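Since the structure comes first, as C-alpha cells, the remarks are kept for the end.
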C-alpha cells in the first residue's frame with residue numbers, strides 16, 4: 001500500500017521493541033496457542049512469569065520476547081521434564097551464564113536420553129504384543145544336542161535385588177583371561193530361580209582351547225560341559241523379549257512330556273560384544289531336558 005511510509009528493516013529489529021509491546025494474556029494466548037489457563041499455571045509454577053502484573057487488577061501482561069520461552073516450556077512439559085529441572089534450565093537461559101548453561105543442557109540431554117530409552121522399551125513391548133496377538137507367529141522350537149565344550153567360566157550365586165552388573169564383571173574377567181576373541185560365542189547357564197525368584201546360581205562362560213593361564217582371577221576356572229539335550233529356539237533382537245523365547249522352548253518341552261532340568265542355557269551368537277545394534281542380536285535359548293529325546 002503506497003503512502004504508508006518506510007517499512008522497518010527486519011535486520012535492524014531491536015529486542016527492546018519486543019519488551020515495549022505489552023500483550024494482554026488473551027493476546028499472548030492467541031500468539032502462542034497456549035490456553036489462558038495454561039499460562040496462569042506456568043506463572044503459578046514459576047516457569048513463565050509475566051513481564052508485568054497490574055498491582056490493582058492482577059491482570060497479567062507479556063511481551064513478544066517471551067513467546068519463544070512459552071513455546072519451549074510447553075514442549076518440555078509435553079516431554080515430562082521435571083519442574084525442578086525445567087526451572088534450572090530456564091534460569092540458566094535467562095542469566096546467560098556459560099557454566100550454568102552447560103549444566104542446564106546436560107539436564108535436558110539426560111532427560112532426552114531417558115525418553116529415548118522409554119520409547120525403545122515401548123516399541124519393543126509393542127512388537128512383542130503384536131507377536132503374542134498373532135496366532136500365526138509361533139516360534140520355531142526343536143530338540144537339539146549341544147556339543148561338549150571345554151570352557152573358562154565364572155560361577156556365582158546372584159543375590160536378590162541384583163542388577164546385571166554381575167554379568168558384566170564376569171565377562172570382563174573372562175575376556176582378560178581368554179585374550180584374543182574366541183571363535184565360539186560366549187554363553188551362560190542359569191538356574192530357573194534366577195528369573196522366578198530374582199536370585200539363583202549362574203555360570204557365565206567362554207569356550208577356550210588353551211589352559212587357564214597363570215595369574216588368572218580366582219573367580220575364573222576351567223569347566224567341562226558335556227553334551228546336553230535341550231529344546232532350543234533362537235531369539236532375534238534385544239534381550240528384553242527373551243521371555244518369549246523362554247515361553248516357546250519351555251512350552252514345547254512340556255507338551256512333549258520331557259523332564260526339564262533346573263537350568264536353562266543361553267548362547268550369545270551375536271550380542272553386545274559384536275555389535276551395538278540390538279536389533280541384530282541373536283541369542284540361542286536352550287531349555288535343558290533329560291537326555292533321550294530325539295533330536
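Data for the structure
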quantity: Residue count for the stretch 136-155, restricted to those that are in contact (Cβ under 8 Å) with a residue 24 or more places away in the chain, more than 13 Å from residue 251 (Cα to Cα) and in a loop (DSSP other than H, G, I, E, B); calculated: 2
quantity: Any hit, the stretch 171-181, residues being in contact (Cβ under 8 Å) with a residue 12 or more places away in the chain, under 29 Å from residue 122 (Cα atoms) and touching a strand residue (DSSP E or B) at 6+ places or on another chain (Cβ under 9 Å); calculated: yes
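Taken together, the values in this text are just the output of simple stated rules run on the coordinates, not laboratory data. Bear in mind that the values here come from a model prediction, so they are computed numbers and not experimental data. In this analysis, Cβ positions are derived from the backbone assuming ideal geometry, glycine residues included, and neighbour counts consider all displayed protein chains.
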